[in-house]
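J.: Can you read through this structure? Questions will come right after.
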Amino acid sequence: MWELIKKDICDSWKAVVFVAAVLLILVKAFGAACISQLMVGLPCPACGMTRAALLFLSGHWKESLQMQPLFFALLVGAVLLIIFRYVLKKDTAWMKYYAIIMLAAAIILYVYRMVRYFPHTPPMTYRKENLLYSLLQICRALW
């Protein structure tokens with residue numbers, strides 16, 4: 001088991017460090033990690049996932065579920081992946097189907113939340129401080 005974990009870490013540490021660095025830079029420089037909100041001001045299908053994780057880890061499970069219901073499905077998928085890959089040492093090719101189902105669920109939930117909660121309920125809020133809005137303001141000022 002430990003050999004497989006070590007191999008996976010060796011194979012993916014650069015990607016993990018890169019993603020963590022980008023997220024850290026985005027949060028420190030712009031106050032948000034969501035590229036969709038930073039670029040166009042609109043929430044993405046995964047908006048609220050980080051806040052849901054933090055709420056979950058602090059014991060606020062109900063609030064976590066309200067913030068991003070798919071966090072729990074993602075958590076279950078991660079636990080299943082760990083069990084199948086490292087404990088049972090079974091093939092995890094089935095995870096691609098789980099990922100497809102999660103993607104479809106995220107899109108359906110996103111549409112529902114945009115219709116029901118946008119723009120007044122976090123995390124489905126509009127971020128006025130976005131790149132597109134800033135560029136439009138510059139264009140208006142120039143013309």
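J.: Alpha carbon centre of region 121-143 versus region 19-93: separation in Å?
T.: 26 Å
J.: With all pairs of different alpha carbon atoms counted, what Kirkwood hydrodynamic radius in Å does region 32-142 show?
T.: Evaluated on region 32-142, it is 15.9 Å.
J.: OK, next. Counting Lys +1, Arg +1, Asp -1, Glu -1, what net charge surrounds ALA52 among other residues with beta carbon under 12 Å of its beta carbon?
T.: Net of charged neighbours comes to +1.
J.: Around LEU4, what is the net charge, scoring Lys/Arg as +1 and Asp/Glu as -1 over all other residues with Cβ under 14 Å from its Cβ?
T.: So the surrounding residues net to +1.
J.: From the phi of every residue in region 11-16, what ³J(HN,Hα) in whole Hz does the Karplus formula 6.51 cos²θ - 1.76 cosθ + 1.60 yield, where θ is phi - 60° and glycine or proline is x?
T.: Here the 3J(HN,Hα) series is 6, 10, 5, 5, 5, 5 Hz.
J.: Hey, another quick one. Please give the helix 70-82 orientation as an angle from the longest Cα principal axis of the chain, in degrees from 0 to 90, rounded to the nearest 10.
T.: 30 degrees
J.: With a Förster radius of 22 Å, plug the Cβ-Cβ distance of PHE30 and CYS139 into 1/(1 + (r/R0)^6) and report the FRET value to the nearest 0.05.
T.: 0.55
J.: Let me ask another. Which net charge results when you count Lys and Arg as +1 and Asp and Glu as -1 among the other residues whose beta-carbon is under 12 Å from that of GLN68?
T.: So the environment of GLN68 carries a net charge of +1.
J.: Remind me, relative contact order of the chain in percent, using alpha carbon pairs under 8 angstrom and six or more residues apart?
T.: Answer for the chain is 30 percent.
J.: Also, quick follow-up: Given DSSP loops and a limit of at most 14 other Cβ atoms within 10 Å, what is the longest stretch of the chain that contains no such trypsin sites (Lys or Arg not before Pro)?
T.: 1-88
FYI, it's all coordinate maths here, none of it is from the lab. As the structure is a computational prediction, the values presented were derived from the model and not from experiment. Because the Cβ atoms are built from the backbone with ideal geometry, glycine has one as well, and the counts that use them run over all protein chains shown.
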